[in-house]
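Trainee: The structure is given below, and queries will be raised subsequently.
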Amino acid sequence: MGVSVYDLRDLSVHAGEVALVTGLSLSIKAGEAVALVGESGSGKSVSLLTPFGLNALTAAGSARLNGVELVGLAEAERRALRARNVGFVFQQPLTALTPHLSVGAHLVEAACQVGGVKPEAATLRAMLSRVGLEESEDWLPRFPHQLSGGQRQRLCIAMALAHGPKLLVADEPVSALDAALRGEIMDLLTQLRREEGVALLMVSHDLHGLERHVDRVVVMRSGVVVEAGDAAAMLSAPSSDYARALLAATPREDSPVLIAPLPERAPVLLSAQGVTVRFPRKGWRAPDLIAVDDAALTLRAGETLALVGGSGSGKSTFGRAIAGLGPMQIGAVTWQGQPLPPRAKRTGEHRALIKPVFQDPFASLNPKWTVALSIAEPMVHLRPEWSRFQRDEKVADLLDEVGLSPDIADRLPRAISGGQAQRVALARALSVDPDMLLLDEATSALDPLVAAQIAGLLVRLQQSRGLAMLMITHDMMLARQLAHRIAVMDAGRIVESGAAETLFAAPKSEATRRLLGATR
């Protein structure tokens, strides 16, 4: 290990008079990696970002980067210091990139942020090669929407390293990726920091994935450190009850199955056959991108089917096509044996049958609407015969059903936590009493404790309402806990399906073996 790059001493973070973080101290040397872990609201991300002026919060105490104090530094000086010495990698690579800029333009902008000569194309290709985007393909003219999730995150890492920083700051850099890609990106970050001597400070909720990739772990709760130490020792034998709870909440192969057995005679509710989705590419000779290729599935009443696969496998596109939320060029979807019309011709009654719950609860809620308005909105459009009084009563009942207190009804999304926001999204989906939920990565953006709470809530809702659920996920261990059956997608096709026990014991496809190998 080299000299200290970044030192925090008794750091505190405030929002007005409210203390969000108190007494955080740590030191990171060149080539070293430290991870901040904890549940949502524990203060991880604000501790990461506030000293660098990347939010509107106030820091006190000390944060020294290469010996220069950041706390109290004039914003222009802090911006210049940040541009020279720090690289940032964020959770959602697509939102971190500019849609109309090419890969090459992104790299030039990152490399030239502190002045200097524009790098030549060969230098840009070498930057991409360093993060695993090989020079055998011409990445420079491509745009973000033409890259997979893993490729976008590799580009973000290349941008973060383009100006030769001393410190790399990563806020949940792999939580939006499938298990195989998470391992690849973490391996890449470990290789780069060791070869180039870059210090790494990151936030993560994937505790089981940290042991091989960081030197030390700092566990935070309610803005204070509850435990810190060597990663391998702490993750194998945590001393605090809270750290033990975080580890236990992460699904593993020996975690208990949460769902009740499905009755043998449960009728088929939904059937999708021969579903194909194509997206046109630019240029008259460019072949269409086939996102879903002749895919089929059935779902019975009260059943949970997990649709799993790597990033870019087509699982979300397939689920959205079934639910009428996205295009479907070829194929047929039936509901209780009756054809569902194409997306544009589905009536309100059709749209009330299947309701979605998405990955990012805050992105799915209108920031200007109260919780009550968000939950009531589907009722206004799909149950127009209900009175205002009936809707208000329904909202109150739904808040209770998803475990939220009545006083949350008048809050805006910015005033609730991530777990609360996902419960609101569930309440909204249930507001018109659907028979099926489409859960698109509904827990992947949440920390382990909150994700476990939402998983338990889903099981209770299924049992009390008899709901069918199509659960889209890249987490095989979560699928094992919550699904009666698992269908594996790869390159737009269903390559294997069956009971979870069968897939785990004797996987038939290479895609299934790859997914299992990355999580075991």
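Trainee: Pairs only if they're at least six apart or on different chains, beta carbon under 7 angstrom, first in segment 318-346 and within 13 Å of V275 (Cα to Cα), second surrounded by 18 or more Cβ atoms within 10 Å (Cβ to Cβ) and modelled with pLDDT under 90; list them, first residue then second.
Mentor: Listed pairs, sorted by first residue: A321/M328.
Trainee: Can you name the residue in segment 112-130 that is at pLDDT 90 or above and touching a Leu at 6+ places or on another chain (Cβ under 8 Å) and is also most open to solvent (accessible area, probe 1.4 Å) among such residues?
Mentor: Only one residue fits best here, namely R125.
Trainee: Taking into account only those residues within segment 120-142 that are of a type outside the set (D, E, K, R) and in a loop (DSSP other than H, G, I, E, B), which is farthest from L155 (Cα to Cα)?
Mentor: Step by step, filter segment 120-142, then rank; the result is S136.
Trainee: Grab the helices (runs of 4 or more DSSP H) fully contained in segment 433-516, keeping just those with 3 or more residues being open to solvent by 40 Å² or more (accessible area, probe 1.4 Å), in contact with a strand residue (DSSP E or B) (Cβ under 6 Å, 6 or more places away or on another chain) and hydroxyl-bearing (S, T, Y).
Mentor: Values: elements: 448-465, 476-482, 500-505.
Because the criterion is at least 3 residues that are open to solvent by 40 Å² or more (accessible area, probe 1.4 Å), in contact with a strand residue (DSSP E or B) (Cβ under 6 Å, 6 or more places away or on another chain) and hydroxyl-bearing (S, T, Y), no helices (runs of 4 or more DSSP H) in segment 433-516 meet it.
Trainee: Can you confirm whether segment 16-29 contains a residue that is closer than 28 Å to A111 by Cβ and of a type in the set (A, V, I, L, M, F, W, C)?
Mentor: yes
Trainee: Filtering segment 86-107 down to residues that are buried (at least 20 other Cβ atoms within 10 Å of the Cβ) and of a type in the set (V, I, T), which residue is farthest from L181 (Cα to Cα)?
Mentor: V86
Trainee: From V3, V13, V37, V71, which residue is surrounded by fewer than 21 Cβ atoms within 10 Å (Cβ to Cβ), among the β-branched types (V, I, T) and in contact with a strand residue (DSSP E or B) (Cβ under 6 Å, 6 or more places away or on another chain)?
Mentor: Selected residue: V71, the only one of V3, V13, V37, V71 that is surrounded by fewer than 21 Cβ atoms within 10 Å (Cβ to Cβ), among the β-branched types (V, I, T) and in contact with a strand residue (DSSP E or B) (Cβ under 6 Å, 6 or more places away or on another chain).
Trainee: Now a separate question. In the set L247, L189, L235, L210, which member is open to solvent by less than 60 Å² (accessible area, probe 1.4 Å) and either under 21 Å from G312 (Cβ atoms) or at pLDDT 90 or above (or both)? Before the answer, list the steps.
Mentor: Details: L247 fails: either under 21 Å from G312 (Cβ atoms) or at pLDDT 90 or above (or both); L235 fails: either under 21 Å from G312 (Cβ atoms) or at pLDDT 90 or above (or both); L210 fails: either under 21 Å from G312 (Cβ atoms) or at pLDDT 90 or above (or both).
L189 is the lone residue from the list that is open to solvent by less than 60 Å² (accessible area, probe 1.4 Å) and either under 21 Å from G312 (Cβ atoms) or at pLDDT 90 or above (or both).
Trainee: Taking segment 223-236, which residues are touching a strand residue (DSSP E or B) at 6+ places or on another chain (Cβ under 9 Å) and over 20 Å from G31 (Cα atoms)?
Mentor: Within segment 223-236, G223, V224, V225, V226, E227, M234, L235 qualify.
Trainee: Among the residues in segment 394-415, are any surrounded by 15 or more Cβ atoms within 10 Å (Cβ to Cβ) and polar (S, T, N, Q)?
Mentor: Checking segment 394-415: not a single residue is surrounded by 15 or more Cβ atoms within 10 Å (Cβ to Cβ) and polar (S, T, N, Q).
Trainee: Can you tell me which residue among I486, I454, I494 is closer than 15 Å to P251 by Cα and aliphatic (A, V, I, L, M)?
Mentor: On the way: I486 fails: closer than 15 Å to P251 by Cα; I494 fails: closer than 15 Å to P251 by Cα.
Residue meeting the stated conditions: I454.
The values are calculated or read from the model by the stated rules, or taken from the named source; none is laboratory data. The structure presented is a predicted model; accordingly, all values stated were derived computationally and were not measured. When we count neighbours, we look across all protein chains shown, and the Cβ atoms used for this are built from the backbone with ideal geometry, even at glycine. These area figures cover heavy atoms from the full protein model, side chains too; ligands, DNA and RNA do not enter into them. Shrake-Rupley method; radii C 1.70, N 1.55, O 1.52, S 1.80 Å.
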